[in-house]
Amino acid sequence: MKKVSIKNRTKHDKLMDKLAEFEMWINRYRNFRERVTIIIHDKPILSYGDWSDCQVDLEGRVIYYSLFDIESYQVERKVFNRSIDGLSNATYEIVKDLSLQLAKFYIIDRDKIDYRDFVEQYDTYKQDMYKIHTYMSNQFVLSSDTINLYTKKG
């Protein structure tokens, strides 16, 4: 059964095609006890008076991700002396953001704790959360055809 699902509420079809591979990968290689829904849309998110690209409902197990300013990520850049096209760069940035949020649910499920316990003991889990986030995003990049420019030529 699919535990992580991405719901498309955006006009960015090419980007959503690339994120569909992340959805398949996360369902194959990460175990979650309960369903996590990721809703991707084009509307801005205002959080604590600042613009944000992501907001998380820990109780409802929903991640809201905004592509409102995605054009700023769709720029070509060099990584390890390799050029990455704008679409791959944007995909990588989104995967990193989503991996950080999914790491929270992963810890909650792995440790069989309530989201309130996670919030109350955030400092205890913070380092582990960032480690899981890094593992998740890097493992996806290294195993993926979506962002294959990191592994070309060597």
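For the stretch 29-77, a simple Cβ point-charge model (Lys and Arg +1, Asp and Glu -1, everything else neutral) yields a dipole of about 360 debye relative to the Cα centre. Other residues lying with their Cβ under 11 Å from the Cβ of VAL119 contribute a combined charge of -3, Lys and Arg counting +1, Asp and Glu -1. Each of LEU15, SER99, TRP25 was scored by the projection of its Cα onto the charge dipole of the chain, and the greatest displacement toward the positive side belongs to TRP25; charges sit on the C-beta of Lys, Arg, Asp and Glu. Charge dipole (Cα centre; +1 on Lys/Arg Cβ, -1 on Asp/Glu Cβ; no other charges) of the chain amounts to roughly 600 debye.
Set the bar at 26 Å for Cα to Cα. Now go through LYS43/LYS126; LYS3/LYS104; LYS43/LYS112 and name every pair that lies beyond it. Listed pairs above 26 Å: LYS43/LYS126; LYS43/LYS112. Taking the DSSP bridge list for the chain and keeping only pairs wholly inside it, about 50 percent are antiparallel. Based on DSSP H segments of at least four residues, each scored -39500 (n - 2.57), the chain has a per-residue ellipticity at 222 nm of -15500 deg cm²/dmol. Couplings for the stretch 30-45, taken from phi via the Karplus curve 6.51 cos²θ - 1.76 cosθ + 1.60 with θ = phi - 60°, read 10, 9, 10, 6, 10, 5, 10, 10, 10, 10, 10, 9, 9, 7, x, 10 Hz in order; Gly and Pro are left as x. Working note: Karplus 6.51/-1.76/1.60 with θ = phi - 60° gives the stretch 108-116 the couplings 4, 6, 4, 8, 6, 10, 7, 4, 5 Hz, where Gly and Pro are set to x.
Any read-out appearing in this document is the output of simple, stated calculations on the displayed coordinates, not a laboratory observation. Computed from a prediction, not measured in an experiment: that's the story for all the values here. Glycine gets a Cβ as well: all are built from the backbone with ideal geometry, and neighbour counts include every protein chain shown.
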